[in-house]
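What follows is a single structure, written as C-alpha coordinates, with notes after it.
The values are calculated or read from the model by the stated rules, or taken from the named source; none is laboratory data. These numbers come from a predicted model, not from an experiment. As a convention, Cβ positions derive from the backbone with ideal geometry for all residues, glycine included, and neighbour counts pool all protein chains shown. Accessible surface areas use protein heavy atoms only, side chains included; no ligands, DNA or RNA. Shrake-Rupley method; radii C 1.70, N 1.55, O 1.52, S 1.80 Å.
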Amino acid sequence: MDLHVLDHVCQLLNQRRADNLPTIPVSINLSPSDFNIDSFIDQVLGITQKYQIPHNMIQFDLMTQPVAVDQQRLKDAAANLRKQGFRICLDRYGGENNDLSTETLLEYNFDYLKVDVRSFNTNRQRAKIILASVINMSRLLKIVPVVKGGEDQDMLNFIRSLGIMLTQGRLLAKEMPEEELSQERDNFESVEERALFSGFNHINVLDPYLETRDRLDNNFENPRPNSIFIVQSQQAKLVYCNSAFRSWTGCAGMTKRSGNT
(Lines give C-alpha, C1' and ligand atoms only; values in the text may rest on other atoms or scores of the structure.)
Protein backbone atom coordinates (compact mmCIF):
# COMPACT_ATOMS: atom_id res chain seq x y z
CA MET A 1 0.00 0.00 0.00
CA ASP A 2 1.23 3.42 -0.88
CA LEU A 3 0.76 5.58 2.21
CA HIS A 4 -0.57 8.26 -0.13
CA VAL A 5 -3.62 5.99 -0.58
CA LEU A 6 -4.33 6.10 3.14
CA ASP A 7 -3.86 9.86 3.16
CA HIS A 8 -6.33 10.24 0.26
CA VAL A 9 -8.90 7.96 1.93
CA CYS A 10 -8.67 9.89 5.21
CA GLN A 11 -9.03 13.15 3.31
CA LEU A 12 -12.22 11.87 1.64
CA LEU A 13 -13.67 10.71 4.97
CA ASN A 14 -12.87 14.07 6.48
CA GLN A 15 -14.59 15.83 3.57
CA ARG A 16 -17.71 13.65 3.91
CA ARG A 17 -17.86 14.59 7.57
CA ALA A 18 -17.51 18.28 6.71
CA ASP A 19 -20.34 17.94 4.14
CA ASN A 20 -22.53 16.23 6.75
CA LEU A 21 -22.51 12.97 4.77
CA PRO A 22 -22.46 9.55 6.46
CA THR A 23 -18.97 8.45 7.50
CA ILE A 24 -18.36 4.96 6.20
CA PRO A 25 -15.67 2.38 7.00
CA VAL A 26 -13.11 1.91 4.22
CA SER A 27 -11.01 -1.15 3.41
CA ILE A 28 -7.47 -0.64 2.14
CA ASN A 29 -5.39 -3.40 0.58
CA LEU A 30 -2.17 -4.17 2.41
CA SER A 31 0.69 -6.49 1.49
CA PRO A 32 3.05 -8.09 4.04
CA SER A 33 5.96 -6.14 2.54
CA ASP A 34 4.31 -2.91 3.71
CA PHE A 35 5.31 -3.82 7.24
CA ASN A 36 8.95 -3.58 6.18
CA ILE A 37 8.57 0.18 5.70
CA ASP A 38 10.45 2.04 8.42
CA SER A 39 8.09 3.43 11.05
CA PHE A 40 5.07 2.17 9.07
CA ILE A 41 2.76 2.13 12.10
CA ASP A 42 3.83 5.63 13.15
CA GLN A 43 3.12 6.95 9.67
CA VAL A 44 -0.34 5.32 9.66
CA LEU A 45 -1.12 6.85 13.05
CA GLY A 46 0.16 10.23 11.88
CA ILE A 47 -2.11 10.28 8.83
CA THR A 48 -5.26 9.32 10.72
CA GLN A 49 -4.43 11.85 13.44
CA LYS A 50 -3.99 14.61 10.85
CA TYR A 51 -7.56 14.16 9.66
CA GLN A 52 -9.00 13.05 13.03
CA ILE A 53 -10.30 9.79 11.54
CA PRO A 54 -11.44 7.18 14.10
CA HIS A 55 -9.33 4.06 13.70
CA ASN A 56 -12.38 1.79 13.49
CA MET A 57 -13.23 3.49 10.20
CA ILE A 58 -10.15 1.92 8.57
CA GLN A 59 -9.81 -1.77 7.75
CA PHE A 60 -6.61 -3.22 6.32
CA ASP A 61 -7.08 -6.20 3.98
CA LEU A 62 -3.99 -8.41 3.99
CA MET A 63 -3.91 -9.61 0.41
CA THR A 64 -1.44 -12.47 0.55
CA GLN A 65 -0.39 -15.11 3.01
CA PRO A 66 2.36 -13.72 5.26
CA VAL A 67 5.30 -15.91 4.28
CA ALA A 68 7.71 -13.56 2.51
CA VAL A 69 8.66 -11.26 5.36
CA ASP A 70 9.96 -11.47 8.90
CA GLN A 71 7.17 -13.36 10.65
CA GLN A 72 7.65 -11.89 14.11
CA ARG A 73 7.81 -8.38 12.73
CA LEU A 74 4.58 -8.92 10.81
CA LYS A 75 2.81 -10.47 13.80
CA ASP A 76 3.86 -7.60 16.05
CA ALA A 77 2.80 -4.97 13.50
CA ALA A 78 -0.60 -6.58 12.86
CA ALA A 79 -1.20 -6.91 16.61
CA ASN A 80 -0.19 -3.26 17.07
CA LEU A 81 -2.65 -2.09 14.42
CA ARG A 82 -5.46 -4.06 16.07
CA LYS A 83 -4.48 -2.67 19.47
CA GLN A 84 -4.77 0.82 18.01
CA GLY A 85 -8.34 0.07 16.92
CA PHE A 86 -7.81 -0.70 13.23
CA ARG A 87 -9.42 -3.81 11.76
CA ILE A 88 -7.40 -6.55 10.03
CA CYS A 89 -8.95 -8.81 7.38
CA LEU A 90 -7.33 -11.80 5.69
CA ASP A 91 -8.25 -11.56 2.03
CA ARG A 92 -8.80 -14.21 0.87
CA TYR A 93 -9.81 -17.86 1.17
CA GLY A 94 -10.96 -19.56 -2.01
CA GLY A 95 -10.85 -18.24 -5.56
CA GLU A 96 -7.69 -18.20 -7.62
CA ASN A 97 -5.48 -17.24 -4.68
CA ASN A 98 -6.25 -19.43 -1.70
CA ASP A 99 -4.22 -17.80 1.05
CA LEU A 100 -5.66 -19.58 4.08
CA SER A 101 -3.31 -21.93 5.91
CA THR A 102 -3.40 -23.62 9.29
CA GLU A 103 -0.25 -21.77 10.31
CA THR A 104 -1.78 -18.41 9.45
CA LEU A 105 -4.88 -19.09 11.55
CA LEU A 106 -2.79 -20.43 14.43
CA GLU A 107 -0.29 -17.58 14.58
CA TYR A 108 -2.25 -14.48 13.57
CA ASN A 109 -5.34 -12.81 14.94
CA PHE A 110 -7.69 -11.39 12.33
CA ASP A 111 -10.96 -9.52 12.77
CA TYR A 112 -12.38 -10.70 9.44
CA LEU A 113 -11.85 -13.56 7.01
CA LYS A 114 -12.89 -12.79 3.45
CA VAL A 115 -14.13 -15.91 1.63
CA ASP A 116 -14.21 -15.79 -2.16
CA VAL A 117 -17.16 -17.89 -3.40
CA ARG A 118 -16.92 -17.14 -7.10
CA SER A 119 -15.53 -20.62 -7.75
CA PHE A 120 -18.19 -22.34 -5.63
CA ASN A 121 -21.12 -24.03 -7.35
CA THR A 122 -24.15 -24.12 -5.05
CA ASN A 123 -25.56 -26.99 -7.12
CA ARG A 124 -22.75 -29.21 -5.82
CA GLN A 125 -23.33 -30.64 -2.36
CA ARG A 126 -19.59 -30.94 -1.69
CA ALA A 127 -19.11 -27.21 -2.38
CA LYS A 128 -21.87 -26.38 0.11
CA ILE A 129 -20.27 -28.58 2.77
CA ILE A 130 -16.87 -26.91 2.29
CA LEU A 131 -18.29 -23.39 2.40
CA ALA A 132 -20.46 -24.07 5.46
CA SER A 133 -17.47 -25.64 7.23
CA VAL A 134 -15.21 -22.64 6.52
CA ILE A 135 -17.87 -20.22 7.78
CA ASN A 136 -18.42 -22.26 10.93
CA MET A 137 -14.67 -22.57 11.58
CA SER A 138 -14.27 -18.81 11.19
CA ARG A 139 -16.96 -18.10 13.77
CA LEU A 140 -15.56 -20.61 16.25
CA LEU A 141 -12.22 -18.78 15.95
CA LYS A 142 -14.05 -15.50 16.73
CA ILE A 143 -13.29 -14.20 13.23
CA VAL A 144 -16.15 -12.50 11.39
CA PRO A 145 -16.70 -14.12 7.98
CA VAL A 146 -17.14 -11.87 4.95
CA VAL A 147 -18.28 -13.43 1.67
CA LYS A 148 -17.15 -11.87 -1.59
CA GLY A 149 -18.41 -12.84 -5.00
CA GLY A 150 -22.15 -13.13 -4.35
CA GLU A 151 -22.99 -12.65 -8.01
CA ASP A 152 -26.22 -14.62 -8.37
CA GLN A 153 -29.42 -15.10 -6.37
CA ASP A 154 -28.86 -18.80 -5.63
CA MET A 155 -25.51 -18.07 -4.04
CA LEU A 156 -26.93 -15.12 -2.13
CA ASN A 157 -29.76 -17.27 -0.76
CA PHE A 158 -27.29 -19.91 0.41
CA ILE A 159 -25.04 -17.28 1.99
CA ARG A 160 -28.04 -15.90 3.87
CA SER A 161 -28.98 -19.38 5.09
CA LEU A 162 -25.59 -19.49 6.84
CA GLY A 163 -26.37 -16.26 8.68
CA ILE A 164 -23.79 -14.17 6.82
CA MET A 165 -24.35 -10.45 7.39
CA LEU A 166 -21.39 -9.10 5.39
CA THR A 167 -21.41 -9.81 1.66
CA GLN A 168 -19.92 -8.07 -1.34
CA GLY A 169 -20.76 -8.67 -4.98
CA ARG A 170 -22.19 -6.97 -8.03
CA LEU A 171 -25.62 -8.41 -7.33
CA LEU A 172 -25.77 -6.14 -4.28
CA ALA A 173 -23.73 -3.15 -5.46
CA LYS A 174 -21.52 -2.42 -8.42
CA GLU A 175 -18.30 -0.46 -8.46
CA MET A 176 -18.76 3.29 -8.83
CA PRO A 177 -16.45 6.23 -9.44
CA GLU A 178 -15.24 8.20 -6.46
CA GLU A 179 -17.24 11.28 -7.45
CA GLU A 180 -20.50 9.29 -7.46
CA LEU A 181 -19.71 7.64 -4.15
CA SER A 182 -18.96 11.00 -2.56
CA GLN A 183 -22.55 12.12 -3.24
CA GLU A 184 -24.22 9.03 -1.76
CA ARG A 185 -26.42 9.87 1.22
CA ASP A 186 -29.13 7.26 1.58
CA ASN A 187 -27.48 3.93 0.72
CA PHE A 188 -25.24 3.59 3.76
CA GLU A 189 -26.15 2.22 7.15
CA SER A 190 -26.18 4.56 10.11
CA VAL A 191 -23.72 4.32 12.99
CA GLU A 192 -26.44 2.70 15.09
CA GLU A 193 -27.28 0.16 12.38
CA ARG A 194 -23.60 -0.61 11.94
CA ALA A 195 -23.20 -1.36 15.64
CA LEU A 196 -26.33 -3.53 15.64
CA PHE A 197 -25.34 -5.63 12.65
CA SER A 198 -21.77 -5.90 13.90
CA GLY A 199 -23.26 -7.76 16.85
CA PHE A 200 -25.18 -10.05 14.51
CA ASN A 201 -21.95 -10.89 12.72
CA HIS A 202 -20.73 -12.70 15.83
CA ILE A 203 -23.79 -14.94 16.14
CA ASN A 204 -23.23 -18.47 14.86
CA VAL A 205 -26.58 -19.64 13.52
CA LEU A 206 -25.02 -22.95 12.49
CA ASP A 207 -24.65 -25.84 14.88
CA PRO A 208 -21.40 -24.85 16.70
CA TYR A 209 -20.23 -28.48 16.60
CA LEU A 210 -20.89 -28.71 12.86
CA GLU A 211 -22.72 -32.01 13.03
CA THR A 212 -23.52 -32.75 9.40
CA ARG A 213 -26.07 -35.47 10.18
CA ASP A 214 -29.50 -34.45 8.87
CA ARG A 215 -27.94 -31.51 7.07
CA LEU A 216 -28.14 -32.91 3.53
CA ASP A 217 -31.84 -32.16 3.28
CA ASN A 218 -31.77 -29.11 5.52
CA ASN A 219 -29.44 -26.78 3.64
CA PHE A 220 -26.78 -27.02 6.38
CA GLU A 221 -28.82 -24.99 8.80
CA ASN A 222 -29.15 -25.88 12.45
CA PRO A 223 -31.95 -28.51 12.47
CA ARG A 224 -33.39 -26.81 15.57
CA PRO A 225 -35.61 -23.72 15.02
CA ASN A 226 -33.33 -20.69 14.98
CA SER A 227 -34.13 -17.00 14.53
CA ILE A 228 -32.93 -13.47 15.30
CA PHE A 229 -35.32 -10.63 16.12
CA ILE A 230 -34.84 -6.92 16.69
CA VAL A 231 -37.19 -5.62 19.40
CA GLN A 232 -37.83 -1.89 19.15
CA SER A 233 -40.71 0.22 20.43
CA GLN A 234 -42.49 -2.94 21.60
CA GLN A 235 -42.37 -4.36 18.08
CA ALA A 236 -40.32 -7.36 16.97
CA LYS A 237 -38.75 -7.44 13.52
CA LEU A 238 -37.45 -10.73 12.11
CA VAL A 239 -33.99 -10.36 10.59
CA TYR A 240 -33.01 -14.02 10.25
CA CYS A 241 -34.65 -17.43 10.49
CA ASN A 242 -33.79 -20.89 9.26
CA SER A 243 -36.08 -23.39 7.53
CA ALA A 244 -36.70 -25.28 10.79
CA PHE A 245 -38.04 -22.09 12.37
CA ARG A 246 -40.30 -21.39 9.40
CA SER A 247 -41.62 -24.96 9.60
CA TRP A 248 -42.15 -24.68 13.36
CA THR A 249 -43.99 -21.36 13.18
CA GLY A 250 -46.24 -22.82 10.51
CA CYS A 251 -47.08 -25.84 12.68
CA ALA A 252 -47.64 -23.57 15.67
CA GLY A 253 -50.17 -21.52 13.73
CA MET A 254 -48.01 -18.40 13.62
CA THR A 255 -47.53 -16.21 10.57
CA LYS A 256 -45.04 -17.89 8.27
CA ARG A 257 -42.18 -15.79 6.95
CA SER A 258 -40.72 -16.59 3.55
CA GLY A 259 -37.03 -16.49 2.77
CA ASN A 260 -34.04 -15.55 4.89
CA THR A 261 -33.36 -11.90 5.67
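Return one whole number: the accessible area per residue of segment 1-65 in Å², for a 1.4 Å probe. Solvent-accessible surface per residue comes out at 49 Å². Within the full protein context, the accessible area of GLU179 is estimated at about 120 Å² for a probe radius of 1.4 Å. The lysines within cross-link reach of LYS174, meaning a Cα-to-Cα straight distance under 28 Å and a gap of 8 or more places when in the same chain, are LYS114, LYS128, LYS148. Working from label points 7 Å from Cα in the Cα-to-Cβ sense, the ALA79 to ASN121 distance is 4.4 nm.
By accessible area, using a 1.4 Å probe on protein heavy atoms only, segment 1-46 has 50% of its surface on carbon and sulfur. One decimal place: the segment ASP7-LEU181 gains 60.9 nm when fully extended, by the rule 0.36 nm per residue minus the C-alpha distance.
The phi torsions of segment 39-56, fed into the Karplus equation with coefficients 6.51, -1.76 and 1.60 and a -60° offset, translate into couplings of 6, 4, 4, 4, 5, 4, 5, x, 5, 5, 5, 4, 9, 6, 9, x, 5, 6 Hz, rounded to whole numbers, with Gly and Pro shown as x. Available extension along the chain between SER133 and GLU103 is 9.0 nm, counting 0.36 nm per residue and deducting the alpha carbon span. Per residue, the accessible area of segment 128-183 comes to 52 Å² when a 1.4 Å probe rolls over the protein heavy atoms. Each Lys or Arg adds one and each Asp or Glu takes one away; over the other residues whose Cβ falls under 13 Å from the Cβ of LEU3, this sums to -4. If R0 is 25 Å, the Cβ-Cβ spacing of GLU193 and ALA173 corresponds to a FRET efficiency of close to 0.95.
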